[in-house]
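None of the figures in this text is laboratory data; all of them are computed from the coordinates on show. Since we're looking at a predicted model, the values are computed, not measured. In this analysis, Cβ positions are derived from the backbone assuming ideal geometry, glycine residues included, and neighbour counts consider all displayed protein chains.
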Amino acid sequence: QVQLAESGGGLVQAGGSLRLSCAASGSMFNIYLMGWYRQAPGKQRELVATIISGGTPNYDDSVKGRFTISRDNAENTVALQMNSLKSGDTGVYYCYARQSVTLREYWGQGTQVTVSS
């Protein structure tokens, strides 16, 4: 089992920045992919960014150039630096992890990000 705990959400004005952090605990062996998804009110959950251990980050087109994902394998953390925030970035942000072989997925409880225009 893997537990994911997000922190760092909040209210920010458009153009501002926030940094989200996710601390993972439990059986981290075989966790090869971690990342962030978000869900806006009335919309489906969507991918924001993912990163594989030692691999190149993957971003949704809507956040490229504004968001940066980073991962610390020694600390079992993944972070999302969000700059130049827009009102369209508002939503609940979820930390995500996937195991290799079984492809079992894990989700955090989510943290609210609200961008005011």
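Just to be sure I understand, how many residues within segment 31-46 are more than 21 Å from LEU103 (Cβ to Cβ) and crowded, with 19+ Cβ neighbours inside 10 Å?
To start, the set of residues in segment 31-46 that are more than 21 Å from LEU103 (Cβ to Cβ) comprises 38-43.
Now restrict to residues that are crowded, with 19+ Cβ neighbours inside 10 Å: 38.
Of the residues in segment 31-46, 1 are more than 21 Å from LEU103 (Cβ to Cβ) and crowded, with 19+ Cβ neighbours inside 10 Å.
Where in segment 11-117 are the strands (runs of 3 or more DSSP E), entirely inside, with at least 1 residues that are more than 23 Å from GLN1 (Cα to Cα), of a type in the set (Ser, Thr, Tyr) and in contact (Cβ under 8 Å) with a residue 12 or more places away in the chain? Step through it out loud before you land on a result.
Values: elements: 18-26, 31-39, 46-52, 67-72, 77-82, 91-99, 105-107, 111-116.
Answer list for segment 11-117: 67-72, 111-116.
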